[in-house]
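Everything below concerns the one structure shown next.
Every number in this text was worked out from the coordinates using simple rules, so none of it is lab data. These numbers were taken from a predicted model, which means no experiment stands behind them. When we count neighbours, we look across all protein chains shown, and the Cβ atoms used for this are built from the backbone with ideal geometry, even at glycine.
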Amino acid sequence: MRYFLYSLFLVIVFFNPPAARANDAAMSSEDLMASLNGAAPASVIKDATLMTMADMKVLRKGTNGWTCMVNGGVPMCVDEVGLEWVHALMSKSPPPEKIGLIYMLKGDAGVSNTDPFAKAETPDNNWVKTGPHLMIVGGVKAVAPGLPREAKPDETAPYVMWPGTPYEHLMLPTD
């Protein structure tokens with residue numbers, strides 16, 4: 001549990017600006033469920049642990065190994081390996097060499113495709129905003145040898161995000 005909470009703390013600090021954390025913290029269980037509706041398959045959300053990102057409050061303890069949350073207004077659900085991968089990213093340590101999944105079926109708020117640690121868009125950091133998608137993380141090189149690895153990918157087709165970094169992962173748009 002301590003590893004889990006530490007991982008979530010790192011996600012909050014790194015990916016969630018203060019104003020967004022305040023909004024996320026104010027979410028009730030009902031608000032969180034409404035926001036998560038459609039962020040992942042209903043079968044994932046149904047038995048997942050639900051948390052508020054801003055204060056790491058567990059609103060519901062799950063039974064299926066998934067954690068669903070809203071981060072800066074962006075809902076997502078992460079499996080156990082996906083959470084390990086996020087922890088590795090936040091602590092700048094080697095990611096797991098096993099496959100994890102992250103559902104973001106409501107899209108994202110935008111991120112650099114070349115710099116995993118960029119906090120804002122700049123003219124040269126290849127900012128992308130992918131619509132609804134699934135992320136496959138950890139051990140990706142073995143499963144994605146032929147996918148595009150461009151700095152400015154077609155965000156409507158599968159591509160490798162953060163190519164050439166230890167945190168490269170597959171982006172699989174679902175629209």
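The 3J(HN,Hα) values that the Karplus relation (6.51, -1.76, 1.60; θ = phi - 60°) gives for the stretch 114-120 are, in residue order, 10, 10, x, 10, 5, 9, 8 Hz. Gly and Pro appear as x. Packing, taken as the mean count of other beta carbons within 10 Å per residue, orders the peptides 88-96, 165-173 from highest to lowest as 165-173, 88-96. Segment E80..N37, full-extension length gain: 13.5 nm, with 0.36 nm per residue of separation and the alpha-carbon distance subtracted. Relative to the current alpha-carbon distance between F117 and R60, full extension at 0.36 nm per residue lengthens the span by 17.5 nm.
Relative to one another, the C-alpha centroids of the stretch 37-116 and the stretch 130-175 are positioned 17 Å apart. Determine the shape class of the stretch 76-165: with a ≥ b ≥ c the square roots of the Cα gyration tensor eigenvalues, call it rounded for a/c under 1.5, and otherwise prolate if a/b is greater than b/c, oblate otherwise. Rounded. What the phi angles of the stretch 68-73 give under the Karplus curve with 6.51, -1.76 and 1.60, with θ = phi - 60°, is a coupling list of 10, 7, 10, 10, x, x Hz, glycine and proline written as x. Taking every alpha-carbon pair under 8 Å whose residues sit at least 6 apart, the stretch 17-175 reaches a relative contact order of 17 percent.
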